[in-house]
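Down below is the structure, laid out as structure tokens.
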Amino acid sequence: MEYNFLNIIDILGTIAFAASGAFSAMERKLDPFGVVILSFVTAIGGGTLRDILIGSTPVAWLRNDMTAIIILATAFITLFFGRYVKQFHKTLFLFDAMGLGVFTLIGLEKGLQLHLSPGICIALGTITACFGGVIRDVLLNNVPLIFQREIYASACIIGGTLYLLVQKTGMDDDVNAILAILVIVFVRIIAIRYKLMLPRVYENRM
Amino acid sequence: MEYNFLNIIDILGTIAFAASGAFSAMERKLDPFGVVILSFVTAIGGGTLRDILIGSTPVAWLRNDMTAIIILATAFITLFFGRYVKQFHKTLFLFDAMGLGVFTLIGLEKGLQLHLSPGICIALGTITACFGGVIRDVLLNNVPLIFQREIYASACIIGGTLYLLVQKTGMDDDVNAILAILVIVFVRIIAIRYKLMLPRVYENRM
Amino acid sequence: MEYNFLNIIDILGTIAFAASGAFSAMERKLDPFGVVILSFVTAIGGGTLRDILIGSTPVAWLRNDMTAIIILATAFITLFFGRYVKQFHKTLFLFDAMGLGVFTLIGLEKGLQLHLSPGICIALGTITACFGGVIRDVLLNNVPLIFQREIYASACIIGGTLYLLVQKTGMDDDVNAILAILVIVFVRIIAIRYKLMLPRVYENRM
């Protein structure tokens, strides 16, 4: 049951990430092909980079039609009904936060399966969750958003660290995963609600 | 015989892609090393990304000196005789269109060998043909050209789809491949001749 | 003993590369997370790309905590004591040159182990040494520095070629490696000291 639950969040996250990629492409007036590619890259870029780094090939989306179909559908719906989709920006933000949480946990679990060390597992989770957005920004010729003071990757690192700590208490992995995802969603909501950012560090330092 | 024929087109396509990378680098006044790298990346970037995604490593160009030698030679000829090479721009366009066709079919075939689904195979073909240009544009700090309304990747998708449809009729694979490549070349010629582009989609939609 | 010696240079090179990535990120006012990522990417990007191209996965830094710890420490020290770290810019230049040498040799050796051809091995060495900087520049939205007339990759190509030539004389591999690294360091020092650059090639050629 938890498994199905995580699957549904995975799909919601993929939709949110794909919509974010499509909107970024549309803001730059890319053509429909560009919009589809940016949707794909944003939704599957992080997991693809993770699979490449650990050598899990063919990478996940090549073996799973459902992912491609969901992303294609999201891209075209965003393309043709962008104005209406935008009205759901709060829903999309929530999906995005949930996606961030699930993707972090999925990446972290892959690291654990390979017996990689805790820090590296957290890095893999963060890469899975955040690097689709990095590739999206690079393709659109922007310096990646997540390098610019927003609390985004930090949420993944916090959630991932908590998961590994709680795991030592012997708590059920599925329950622990859901708690970690909730923490990541919570950190994101708090960060946006109170406009929290990473501290400035440049005063008098260079 | 068909096999040799496809090999020759493969080489012509590699030359056209390498020349395109060299010209892009020269327009930005990169140094000779930069010109060589951009030639390489444009010519082998798509196939390399495909090999990495499906886990076919060491990637193709590492195991085949001939590719590297052809690209190096093209880069230096373009570098030193750029003015003269440019006179052959129509020839280079034709080589490029043929390369687009062959690379699409090569990528698609690799997907079929791995028993990936039809849509994914077409995606692999398109990646093989188009993503060398994407990496070239990213390295030169441009938003990738193929995301901007030109009919380029679309030609690959059309050709790849036709190939898979015709394959079901039981036609000989080599003949089918040559037909699909001709279709891709034809779509490219028509698109350039009549300045066809993907439709605008932004009126009143955001 | 030589092995430990190379290990130490490897660590010094990693520190220099990580510091270079951190400084680049700080110049663009990235947040602390961005600074850490740019440090990582600069230090391990080249080796990671090499491992992915040859299929040596999980890539090196996933299996070696020490690398991650050294990079994290360098990133934070640079972040908080940047002004002081900058005073050691000559030391960092020397570390960088040594890193360039060691990373070239490490990449080249991996190619030899896979029985790849000499030219391809030199390319792998150059990729290992130089492409961390390329990825750093792409993430910061700059055209990669090493494509712009500086003698940097050229030093790797010269050192790598010498190593392969001297190897045929039957010289001990460790001694040969140290000689090749010294040549690369020497070329870098001469290039910076006398402001040597690759020749201009654009007069009357386009």
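Okay, residues lined up against (1) touching an Asp or Glu at 6+ places or on another chain (Cβ under 7 Å); (2) buried (at least 16 other Cβ atoms within 10 Å of the Cβ); (3) not in a helix (DSSP H, G or I):
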position	(1), (2), (3)
A:Ala73	no, no, no
A:Leu92	no, yes, no
A:Phe95	no, yes, no
A:His115	no, no, yes
A:Gly133	no, yes, no
A:Arg136	no, yes, no
A:Cys156	no, yes, no
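Residue selection: B:Gly125 fails the criterion of being farther than 19 Å from A:Leu72 by Cβ and not aliphatic (A, V, I, L, M).
Among the residues of segment C:32-52, the ones that are surrounded by fewer than 24 Cβ atoms within 10 Å (Cβ to Cβ) and more than 19 Å from A:Ile120 (Cβ to Cβ) come to 1 in all. Scanning segment B:155-167 for residues that are within 12 Å of chain A (Cβ to nearest Cβ) and either touching a Cys at 6+ places or on another chain (Cβ under 8 Å) or of a type in the set (Ser, Thr, Tyr) (or both) turns up just one, B:Cys156.
Restricting to segment A:120-154, name every residue that is small (Gly, Ala, Ser) and either more than 10 Å from chain C (Cβ to nearest Cβ) or touching a Phe, Trp or Tyr at 6+ places or on another chain (Cβ under 6 Å) (or both). Correct list: A:Gly125, A:Ala129, A:Gly132, A:Gly133, A:Ala153.
Of all residues assigned to segment B:61-69, at least one qualifies as being surrounded by fewer than 24 Cβ atoms within 10 Å (Cβ to Cβ) and either within 13 Å of chain A (Cβ to nearest Cβ) or of a type in the set (Gly, Ala, Ser) (or both). Screening A:Ile71 on (1) free of Cβ contacts under 8 Å to residues at least 12 places away in the same chain; (2) in contact with a Ser or Thr (Cβ under 8 Å, 6 or more places away or on another chain); (3) β-branched (Val, Ile, Thr) shows it passes everything except condition (1).
Conditions (1) within 19 Å of the chain's Cα centre (by Cα); (2) modelled with pLDDT of 85 or more; (3) closer than 24 Å to B:His115 by Cα, marked per residue:
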residue: A:Thr42; (1), (2), (3): yes, yes, no
residue: A:Ile54; (1), (2), (3): yes, yes, yes
residue: A:Arg63; (1), (2), (3): no, yes, yes
residue: A:Ala68; (1), (2), (3): yes, yes, yes
residue: A:Leu72; (1), (2), (3): yes, yes, yes
residue: A:Ile77; (1), (2), (3): no, yes, no
residue: A:Gly107; (1), (2), (3): yes, yes, no
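Of the residues making up segment A:26-48, those that are touching a residue at least 24 places away in the same chain (Cβ under 8 Å), part of a helix (DSSP H, G or I), facing another protein chain (nearest Cβ under 10 Å) and not β-branched (Val, Ile, Thr) number 4.
Residues checked against (1) of a type in the set (Gly, Ala, Ser); (2) more than 18 Å from the chain's Cα centre (by Cα):
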{"position": "B:Leu112", "(1), (2)": "no, yes"}
{"position": "B:Ala129", "(1), (2)": "yes, no"}
{"position": "B:Leu139", "(1), (2)": "no, no"}
{"position": "B:Gln148", "(1), (2)": "no, no"}
{"position": "B:Gly160", "(1), (2)": "yes, no"}
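For segment C:73-90, check the following and say yes or no: at least one residue is facing chain A (nearest Cβ under 10 Å), within 18 Å of C:Ala153 (Cα to Cα) and among the hydroxyl-bearing types (Ser, Thr, Tyr). The answer is no; no qualifying residue exists. Taking the conditions (1) at the interface with another protein chain (Cβ under 10 Å from one of its Cβ atoms); (2) over 27 Å from B:Ala60 (Cβ atoms); (3) not acidic (Asp, Glu) in turn, C:Phe95 satisfies each one other than (1).
Every condition in (1) assigned to a loop (DSSP other than H, G, I, E, B); (2) within 22 Å of C:Glu150 (Cβ to Cβ) holds for B:Pro58 except the one numbered (2). Consider C:Phe186 carefully, then state whether it is aromatic (Phe, Trp, Tyr), touching a Ser or Thr at 6+ places or on another chain (Cβ under 7 Å) and more than 14 Å from every other protein chain (Cβ to nearest Cβ). When the stated conditions are applied, C:Phe186 does not pass them. Kindly indicate whether B:Ile122 is touching a residue at least 24 places away in the same chain (Cβ under 8 Å) and surrounded by fewer than 21 Cβ atoms within 10 Å (Cβ to Cβ). No, not satisfied.
Entry remark, segment B:87-108: residues being touching a helix residue (DSSP H, G or I) at 6+ places or on another chain (Cβ under 8 Å) and over 13 Å from B:Ala16 (Cβ atoms) number 5 in total. Restricting attention to segment B:173-204 and to residues that are surrounded by 15 or more Cβ atoms within 10 Å (Cβ to Cβ) and modelled with pLDDT under 70, the residue that is nearest to B:Tyr152 (Cα to Cα) turns out to be B:Leu198. Being in contact with a Leu (Cβ under 8 Å, 6 or more places away or on another chain), over 20 Å from C:Ala129 (Cβ atoms) and either in a helix (DSSP H, G or I) or not small (Gly, Ala, Ser) (or both) is a property that does not hold for C:Ala19.
To keep it simple, each residue is scored yes or no on (1) under 20 Å from B:Val138 (Cα atoms); (2) among the charged types (D, E, K, R); (3) touching a residue at least 60 places away in the same chain (Cβ under 8 Å).
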{"position": "A:Ile77", "(1), (2), (3)": "no, no, no"}
{"position": "A:Pro118", "(1), (2), (3)": "no, no, no"}
{"position": "A:Thr128", "(1), (2), (3)": "no, no, yes"}
{"position": "A:Gly133", "(1), (2), (3)": "yes, no, yes"}
{"position": "A:Leu139", "(1), (2), (3)": "yes, no, yes"}
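Residues that are within 17 Å of the chain's Cα centre (by Cα) and either among the β-branched types (Val, Ile, Thr) or modelled with pLDDT under 90 (or both) within segment C:114-127 comprise C:Ile122, C:Thr126, C:Ile127, listed in sequence order.
The values are calculated or read from the model by the stated rules, or taken from the named source; none is laboratory data. Being a predicted model, the structure only gives us computed values, none of them experimental. We place every Cβ from the backbone using ideal geometry, glycine too, and count neighbours over all the protein chains shown.
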